[in-house]
Amino acid sequence: MRVMNNKVTLLSLAVAGLFAASAAQAALNLDTGATSAIYASEAIPISPATTFTLTNTGAIPGLVTRHDVVVADQFAHNSIDEGLRLAKARGVRTAKFAHNDPAELEQALRELRPYRHAVIAVDGVYSMSGELPPLREFQRVAAANDAILYVDDAHGTGVLGGQGRGTVRDALGGYENTLVVGSLSKALSCLR
């Protein structure tokens, strides 16, 4: 999915997720009070244009069409599961793979062929165990399978990585072919 390297396209997808999040929130009458941000640069921009509630619930279905697929780690955060449910309701094929298992991920993607693009959704830090995913291996699988890596780094942003930039930059050295989402309700809410 080479188009994901284009920051303008990435921002367009983030905006699409914003609108999808608003629609999903209204449709499901959900209100968590959590505020989130999508970021894809070396800094962590926090502006009204990129903040909204229910990040995964809106962004995941907003990133895909019925020609695409979404696969998620079996222990991914509930909000990723909700995003998968909404995407599936729109005709997107979805699947889960065994926790932190690149071979199972690759198998799931093979079984879902044919598709235009795939989104691989994982947590940057699994909140119940503190485990980190094998992002480098997942990135390799993504590159080989017309996929983008989608990392919910809500529990890593502001806490882990150089200058609190989260798990992705430390594991991958950058953000190529990776969409990172993070919550403003965790570590960043403590900043002044």
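The values are calculated or read from the model by the stated rules, or taken from the named source; none is laboratory data. These numbers were taken from a predicted model, which means no experiment stands behind them. Neighbour counts run over all protein chains shown; Cβ positions are idealised from the backbone, glycine included.
Looking at the range 78-88 only, could you name the residues that are free of Cβ contacts under 8 Å to residues at least 24 places away in the same chain and either under 13 Å from GLY58 (Cβ atoms) or over 14 Å from the mean Cα position of the chain (by Cα) (or both)?
Narrowing the range 78-88 to residues free of Cβ contacts under 8 Å to residues at least 24 places away in the same chain: 78, 81, 85, 88.
ARG85, LYS88, listed by residue number.
Do we have any residue at all in the range 108-125 that's under 14 Å from PHE75 (Cα atoms), touching a strand residue (DSSP E or B) at 6+ places or on another chain (Cβ under 6 Å) and acidic (Asp, Glu)? Let's see the steps before the verdict.
Looking only at the range 108-125, we keep the residues that are under 14 Å from PHE75 (Cα atoms), and these are 120-125.
Narrowing further to those that are touching a strand residue (DSSP E or B) at 6+ places or on another chain (Cβ under 6 Å): 120-124.
Right, trim to acidic (Asp, Glu) and you get 123.
Yes, the conditions are met somewhere in the range 108-125.
Just checking, how many residues over the range 82-137 are among the small types (Gly, Ala, Ser), modelled with pLDDT of 95 or more and either part of a strand (DSSP E or B) or surrounded by fewer than 13 Cβ atoms within 10 Å (Cβ to Cβ) (or both)?
Selection size over the range 82-137: 6.
In the range 145-167, which residue that is polar (S, T, N, Q) and in a loop (DSSP other than H, G, I, E, B) is nearest to GLN107 (Cα to Cα)? Walk me through how you get there before you give the answer.
Here is the first cut: in the range 145-167, the residues polar (S, T, N, Q) are 145, 157, 163, 167.
Subset that is in a loop (DSSP other than H, G, I, E, B): 145, 157.
On the way: ASN145: 11, THR157: 30 Å.
The residue in question is ASN145.
Exactly one of these conditions fails for ASP170: (1) touching a residue at least 24 places away in the same chain (Cβ under 8 Å); (2) part of a helix (DSSP H, G or I); (3) not aromatic (Phe, Trp, Tyr). Give me its number.
(1)
Are any residues in the range 99-130 under 17 Å from ASP153 (Cβ atoms) and more than 17 Å from the chain's Cα centre (by Cα), and if so, which ones?
Scanning the range 99-130 gives MET128, SER129, GLY130.
Only one of (1) within 17 Å of LEU179 (Cα to Cα); (2) modelled with pLDDT of 95 or more; (3) among the polar types (S, T, N, Q) is not met by THR51, so which one is it?
So THR51 meets the others, but not (2).
Within the range 63-77, does at least one residue satisfy the condition of being assigned to a helix (DSSP H, G or I), within 11 Å of VAL122 (Cα to Cα) and touching a residue at least 60 places away in the same chain (Cβ under 8 Å)? Spell out the reasoning first.
So in the range 63-77, the residues assigned to a helix (DSSP H, G or I) come out as 63.
Remaining after also requiring within 11 Å of VAL122 (Cα to Cα): none.
Checked the range 63-77: no residue is assigned to a helix (DSSP H, G or I), within 11 Å of VAL122 (Cα to Cα) and touching a residue at least 60 places away in the same chain (Cβ under 8 Å).
Determine, yes or no, whether ILE60 is at pLDDT 70 or above, of a type in the set (A, V, I, L, M, F, W, C) and either under 21 Å from VAL141 (Cα atoms) or not in a loop (DSSP other than H, G, I, E, B) (or both). Lay out the reasoning, then the answer.
On the way: at pLDDT 70 or above: yes; of a type in the set (A, V, I, L, M, F, W, C): yes; either under 21 Å from VAL141 (Cα atoms) or not in a loop (DSSP other than H, G, I, E, B) (or both): yes.
Considered against the rule, which asks whether it is at pLDDT 70 or above, of a type in the set (A, V, I, L, M, F, W, C) and either under 21 Å from VAL141 (Cα atoms) or not in a loop (DSSP other than H, G, I, E, B) (or both), ILE60 comes out as yes.
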